1. Roll a 1.4 Å probe over the protein chains and send me the accessible area per residue for the stretch 161-250 in Å².
2. Longest segment of the chain with no GluC sites (Glu not before Pro) in a DSSP loop having at most 13 other Cβ atoms within 10 Å?
3. Quick one: putting +1 on the C-beta of Lys and Arg, -1 on the C-beta of Asp and Glu, what dipole do you get for the chain around its Cα centre, in Debye to the nearest 20?
4. With the crude spin-label approximation of a point 7 Å out along Cα→Cβ, what separation in nm comes out for Glu75 versus Val52?
5. Just grab the label-to-label distance for Ala119 and His193, each label 7 Å out from Cα along the Cβ direction, in nm (one decimal).
6. For the stretch 8-141, rounded, prolate or oblate, judged on the Cα gyration tensor with a ≥ b ≥ c (square roots of eigenvalues), a/c < 1.5 rounded, else prolate if a/b > b/c?
7. Would you mind getting me the FRET efficiency between Lys233 and Thr261? Use the beta-carbon distance for r and R0 = 25 Å, nearest 0.05.
8. Any idea of the accessible area per residue across the stretch 1-131, 1.4 Å probe, to the nearest Å²?
Amino acid sequence: MAEERINAKGPGGLWEWLEYAVVAALVGTLGRLPRNVAREVGAGIGALAYAVSGRLRRVGMRNLELAYPDKSVVEREQMLRGLFRGLGWQVAEFCLMSRYTAAEAQGFVRYEGLENYLAAKARGKGVLVLTGHLGAWELSSYFHSLMGHPMSMVIRRLDNARVDALVNGIRCKHGNRVLHKDDFARGLIGAMHEGDTVGILMDTNMTPPQGVFVPYFGIPACTASGLARVALKTGAAVLPGFLVWEANEGRYVLRFGEILTPVQTGDSGADIVANTALYTATIERYVRQYPEQWLWVHRRWKTRPAGEAGLY
């Protein structure tokens, strides 16, 4: 009789179970700690990740070299260390999120520009929150839902189905919903027709035809054009929204900018590119205000225009 082999990587395999067990243990352990202690542990995790993640450090330093050519190596290293510290804090916040009450969360998160969001919502055609991997993006939508404003988020499914279910269970505890990228267009248009709010992380590298090239820190970056397409099709309001750490206050600020006025010339193709450029420039403006809080370890400029050499 042949022995039954354990599939270490496939669905239900040993690796999936082990990965889930590690994540669940981390969430359970950090989630029981006092917040200040959990954040200190998170900062330690971030420092360790910086020390051992040579490839991510190299990507981060290359990105900072491209974005800030006038900065010294020491300055770029300080920014990158700040990023890893912030990522560690976000790990801690994520593990703690499900126990937060609205009153407790308001002690370390405040709104700025909430009236901009409410005005966008009042239009009745749906709200597209333009956001990115800046600050504590996981906490942002959770806090917004905790305060009575549930929204949908466009995300990619995690490879581990068990971890995906665990993470989404936390994200959606107070009414948030998940729109997966494999059903992006239909779900997004449907949400706008219902007057819902959807947050879109629009600062990752794409490939044509889903992406178009627009400037980001002065360098052509292949950028998702879906938000611009849906906004033009539905008339949904687009406004920036970022949860950033304000060191001088010792707390996060969920900052909503003013509603962005779309470019509408009647030339659909040109308008999509122009609005994608507008949205990307808006993200860049926020990143420049908080450079230590953006995800520099992502290869944002990986896809290059035809005939152009790679940057990594």
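1. 40 Å²
2. With GluC sites (Glu not before Pro) excluded where exposed in loops, the chain gives 5-193 as its longest stretch.
3. Charge dipole, the chain, about its Cα centre: 220 debye, nearest 20.
4. 3.3 nm
5. Here the modelled spin labels are 2.9 nm apart.
6. It comes out oblate by the Cα gyration axes.
7. After rounding to 0.05, the efficiency reads 0.90.
8. Spelled out: the 1.4 Å probe surface of the stretch 1-131, per residue, equals 58 Å².
The values are calculated or read from the model by the stated rules, or taken from the named source; none is laboratory data. As the structure is a computational prediction, the values presented were derived from the model and not from experiment. Glycine also receives a Cβ, built like all others from the backbone with ideal geometry; neighbour counts cover every protein chain displayed. What goes into the accessible areas is simple: the full protein's heavy atoms, side chains included, and nothing from ligands, DNA or RNA. Shrake-Rupley method; radii C 1.70, N 1.55, O 1.52, S 1.80 Å.
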